[in-house]
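The values are calculated or read from the model by the stated rules, or taken from the named source; none is laboratory data. Note that this is a predicted model, so its numbers are computed, not measured. As a convention, Cβ positions derive from the backbone with ideal geometry for all residues, glycine included, and neighbour counts pool all protein chains shown.
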Amino acid sequence: MGSTLLRNATVLSMDAERRIFENGDVLIKDDRIAAVGVVEPQDADAADEVLDMAGRIVLPGLVNTHVHTSQQLERGLADDVDLLTWLHDRTWPFESALSEEDQYLSTLACGCELIRSGVTTFGEAGGQHVDATGRAVEELGLRANLCLSSMDCGEGLPDGWVRPTQEVLAEQKGLYDRWHGKADGRINMWFGLRTIFNCSDELIVATKDMADTLNTGVHMHVAEILEEVRFAEQTRGATTVEHLASLGALGANLLAVHHVWLTPKEVDLLALHNVKTSHNAAAAMRYLGFAPVPEMLRKGISVSIGTDGAPSNNHMDMMSEMYLVSLIHKGRHLDPYAVTAERVLEMATVMGAQCMLMEESIGSLSAGMKADLIVVNPCDFGTLPVHDPVSAMVGAMYSANVESSMCDGRWLMRDRKVLTVDMESVLGEIQSRADTVRKRAGIQLPPRFPVTKVR
Ligand SMILES: [Zn+2]
């Protein structure tokens, strides 16, 4: 793959000391970072490609830890509705109407949006057509933890979604065998547990055991809504996290997503067991409520950031998500220090890497790490001037400022053009494919204002 030297950038290394290099360099050799900050002249001279990054900010690729690739074509189909309508009348029918090829296009479309908002690694929340997702991720060049949406109980779900426990476990294991370590190691197979509503204790325990044995992670929606707390208390005699603790299912390889309705005792349990977490600010503001993120950070919990799916957010955009995370906790607590810009940037990089169980290889720019990085160009009316690059990254930049992106030493995007897939052809297919799936699912939106069809 050769070597590339990025020169004269403001480098936010996010390394152990969080060093920032002004007019700094980053040397990439093959799929790894070879040097950061100051590059020796002989190494600089030997680089195959030298790019002047004056005026740019270079930082680790962002990590989006909760993504529903299977909901990408459902964007805008579930706005201004209650959660039950969101689930039963929109999202479940839509997702269950997807074919393998729909899921493939859906993942490509989602992946292009992720790349163009600075993401190089994401955690899949779990869909039905994992092979199609894997195929698309392989082409996109992204790094990802994939998982199957796994359920063995629950009412009112689409046909085929709820299956016998052993069948769900066997399918997860089969997917692991097919996909774990694929795409030059960029794809890992995790195990999914949808929610406590849809997972028996037997499935929870066996899934966690299997993940421990195979040294991989478990992705689960946890303490998402108030009804979940009530349901867990009624059916299990304890709130979700307390119940998971009693099952022995908490651990460093569990990613708990949303974590909104936690008791102080549950926050302590997450900290005690080094459980990883994913804060989805936009989805939380839409339906769920405020996750106790400042408290969780104070207790040393790894809190990462996720966008959730398109119908929960509309923006699968980590730049706007960072901005939201930086704001909402300040407003809620009337505390400008509740979640600071440096903390948000850590959540999107180093803590994101921890939550994906990849902190040894990604999340910071230092010699020996995988070459996953982005180049941000702040030169625009809405973003200049930059007085403080950390606060500018979190509070002022848009995804449009993400100029280039590299994952595993390969450019995924240069000058806003995605290089790994045919961006124009994916873009050209989104609307018609989404319309077809919506009709197949039988979803009709009531008009918000009177509509006249002129022709
Ligand atoms: Zn989700």
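Points to keep in mind about this one:
- Inside segment 1-17, residues that are modelled with pLDDT of 95 or more and either assigned to a helix (DSSP H, G or I) or more than 27 Å from the chain's Cα centre (by Cα) (or both) make up a count of 5.
- Some residue of segment 163-171 being closer than 30 Å to VAL350 by Cβ and touching a strand residue (DSSP E or B) at 6+ places or on another chain (Cβ under 8 Å): no
Okay, residues lined up against (1) hydroxyl-bearing (Ser, Thr, Tyr); (2) under 18 Å from THR133 (Cα atoms); (3) in contact (Cβ under 8 Å) with a residue 40 or more places away in the chain:
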position: MET53; (1), (2), (3): no, no, yes
position: SER70; (1), (2), (3): yes, yes, yes
position: GLY76; (1), (2), (3): no, no, yes
position: GLU101; (1), (2), (3): no, yes, no
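- Unmet requirement for MET318, which otherwise passes all of (1) in contact with a Gly (Cβ under 8 Å, 6 or more places away or on another chain); (2) farther than 30 Å from THR85 by Cα: (2)
- Which numbered condition THR340 fails, given (1) of a type in the set (S, T, N, Q); (2) out of contact with any strand residue (DSSP E or B) (no Cβ under 7 Å at 6 or more places or on another chain); (3) within 16 Å of the ligand (Cβ to nearest atom): (3)
- Residue within segment 18-33 that is closer than 21 Å to VAL390 by Cα, outside any strand (DSSP E or B) and not β-branched (Val, Ile, Thr) present: yes
- Single residue of segment 248-286 satisfying the filter (β-branched (Val, Ile, Thr) and in a strand (DSSP E or B)) that is nearest to the ligand (Cβ to nearest atom): VAL257
- Selection count, segment 420-455, where residues are within 30 Å of ARG32 (Cα to Cα), in contact (Cβ under 8 Å) with a residue 24 or more places away in the chain and of a type outside the set (Ser, Thr, Tyr): 3
- In segment 296-315, residue surrounded by the fewest Cβ atoms within 10 Å (Cβ to Cβ) [restricted to those that are more than 12 Å from the ligand (Cβ to nearest atom) and in a loop (DSSP other than H, G, I, E, B)]: GLY300
- Annotation: of all residues in segment 419-455 being part of a loop (DSSP other than H, G, I, E, B) and β-branched (Val, Ile, Thr), the one that is farthest from the chain's Cα centre (by Cα) is VAL454.
- Qualifying residue in segment 319-330 (condition: touching a residue at least 24 places away in the same chain (Cβ under 8 Å) and assigned to a loop (DSSP other than H, G, I, E, B)): no
- Taking segment 46-144 and the helices (runs of 4 or more DSSP H) fully enclosed by it, the elements with 1 or more residues that are buried (at least 19 other Cβ atoms within 10 Å of the Cβ), of a type in the set (Gly, Ala, Ser) and away from the ligand (no atom under 16 Å from the Cβ) are at 100-116, 130-140.
- Residue satisfying all of: in segment 352-367; hydrophobic (A, V, I, L, M, F, W, C), surrounded by 24 or more Cβ atoms within 10 Å (Cβ to Cβ) and under 22 Å from CYS147 (Cβ atoms); farthest from the chain's Cα centre (by Cα) among these: ILE362
- Test: residue in segment 328-351 that is in the same structural domain as THR121 (by TED's automatic domain parsing), aromatic (Phe, Trp, Tyr) and loosely packed, with under 15 Cβ neighbours inside 10 Å: yes
- A single entry from ALA371, ALA367 fulfils the requirement of being out of contact with any Cys (no Cβ under 9 Å at 6 or more places or on another chain) and either within 22 Å of VAL26 (Cα to Cα) or within 16 Å of the ligand (Cβ to nearest atom) (or both): ALA367.
- Filter pass, MET322 being away from the ligand (no atom under 15 Å from the Cβ) and surrounded by 23 or more Cβ atoms within 10 Å (Cβ to Cβ): yes
- Scanning segment 397-410 for residues that are crowded, with 20+ Cβ neighbours inside 10 Å and either in a helix (DSSP H, G or I) or without any contact (Cβ under 8 Å) to a residue 24 or more places away in the chain (or both) returns SER399, ASN401.
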